[in-house]
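The values are calculated or read from the model by the stated rules, or taken from the named source; none is laboratory data. Just so you know, these numbers come straight off a predicted model, no measurement behind them. In this analysis, Cβ positions are derived from the backbone assuming ideal geometry, glycine residues included, and neighbour counts consider all displayed protein chains. The protein model used for the area step is the full one, side chains on, heavy atoms only, and it has no ligands, DNA or RNA in it. Shrake-Rupley method; radii C 1.70, N 1.55, O 1.52, S 1.80 Å.
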Amino acid sequence: MMKTMNKIFICVSLALCLGAQVQAADGGNPKKGKHLYKKECKACHSMGDEGGEITPMSKTMSQWDRFFRRNKHKAKAEVFEALSEQDLLDIQQFLYDHAADSDQPQTCG
Ligand code: HEC
C-alpha cells in the first residue's frame, strides 16, 4: 500500500516538474537545459555542496541573464569553459524559464 502511494507521489512530482516547460525564448532548449543542469551543475550545487544549493528560483530572470552574459561563473570559470555555447544557452534557458519572477518558478532541478 505504502509502496503504491510513493509511486503515485513520484509520478505526480515528476509530471509537475517536466510539464512546466512551455515557453522557449532566446534559442535555448529548456528541456535539454534541465538535463544539463542536473548533470553539470548539481554536482556542486545541491544542498551542502561547496557551491551551495542553487535552483532556478535562486535568481530572477534578469539576474540569470546577467550571470550568463557577464559573470560567466567567475567563481569557477573552468566550469563554463568546459561547456559548449549551445549547452550554456540551454541551461540558461531552463533557469530563466523557471526563475523566481517567471510564470513557473521551480525549485526542482
Ligand atoms: C566544480 C563545482 C561547480 C560546478 C560544476 C558548478 N559550480 Fe557554480 N559555483 C561553484 C562555487 C564554488 C561557487 C561559489 C560559491 C560561493 O561563492 O559561495 C559557485 C557559484 C555559482 C553561482 C553564484 C551564486 C551567487 O552568489 O549568486 C551560480 C549562479 C552558479 N554557481 C551556477 C552554476 C551553474 C548554472 C552551473 C552549471 C553550468 C554551475 N554553477 C556549476 C561551484 C560549481
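Restricting to the stretch 23-66, name every residue that is of a type in the set (D, E, K, R) and under 14 Å from Ile91 (Cβ atoms). Talk me through it step by step, then tell me what you get.
Pass one, the stretch 23-66, residues of a type in the set (D, E, K, R): 26, 31-32, 34, 38-40, 42, 49-50, 53, 59, 65-66.
Of everything in the stretch 23-66, those that are of a type in the set (D, E, K, R) and under 14 Å from Ile91 (Cβ atoms) turn out to be Asp26, Lys31, Lys32, Lys34, Lys38, Lys39, Glu40, Lys42, Lys59, Asp65.
Of the residues contained in the stretch 74-96, none is found to be part of a loop (DSSP other than H, G, I, E, B), more than 18 Å from Asn29 (Cβ to Cβ) and not hydrophobic (A, V, I, L, M, F, W, C). Within the stretch 29-82, the set of residues being in contact with a helix residue (DSSP H, G or I) (Cβ under 6 Å, 6 or more places away or on another chain) and without any contact (Cβ under 8 Å) to a residue 12 or more places away in the chain comprises Lys72, His73. Would you check which residues across the stretch 85-108 are within 13 Å of the ligand (Cβ to nearest atom) and closer than 12 Å to Ser58 by Cα and list them? Result: Leu95, Tyr96, His98, Ala99, Ala100.
Every residue in the stretch 52-62 that is near the ligand (Cβ under 8 Å from one of its atoms) and either in a helix (DSSP H, G or I) or open to solvent by less than 40 Å² (accessible area, probe 1.4 Å) (or both), please. Outline the logic, then answer.
Taking the stretch 52-62 and keeping what is near the ligand (Cβ under 8 Å from one of its atoms), we get 52, 54, 58-59.
Passing the criteria: Gly52, Ser58.
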